[in-house]
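The values are calculated or read from the model by the stated rules, or taken from the named source; none is laboratory data. Since the structure is predicted, the reported quantities are computational estimates derived from the model, not experimental observations. Here the Cβ is made from the backbone with ideal geometry for all residues, glycine too, and neighbour counts use every protein chain on show.
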Amino acid sequence: ETVAGLGPAKRRALLQHFGGLQGVLKAGRMDLERAPGIGPALAQNLYDALHPGG
């Protein structure tokens with residue numbers, strides 16, 4: 001699934017910041033928001049995409 005605003009460069013940076021996909025999946029919304037270049041709106045969209053239904 002694609003997340004609006006999360007292009008290849010941000011995706012790579014996010015994976016690097018969290019040490020891989022498992023780290024991203026374990027991250028909370030606030031953790032995502034604190035990652036470089038993410039911000040509140042993108043963090044929420046990403047969190048919602050990774051955790052459908054809550």
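Name the residues in segment 1-26 that are aliphatic (A, V, I, L, M), out of contact with any His (no Cβ under 9 Å at 6 or more places or on another chain) and under 19 Å from P52 (Cα atoms), would you? Scanning segment 1-26 gives V3, A4, L6, L21. Can you find, within segment 12-37, the residue that is farthest from T2 (Cα to Cα) among those that are modelled with pLDDT of 95 or more and outside any helix (DSSP H, G or I)? Per the stated criteria, the residue is G19. Looking only at segment 42-54, decide whether some residue is exposed (fewer than 13 other Cβ atoms within 10 Å of the Cβ) and either among the charged types (D, E, K, R) or touching a residue at least 24 places away in the same chain (Cβ under 8 Å) (or both). No, that holds for no residue.
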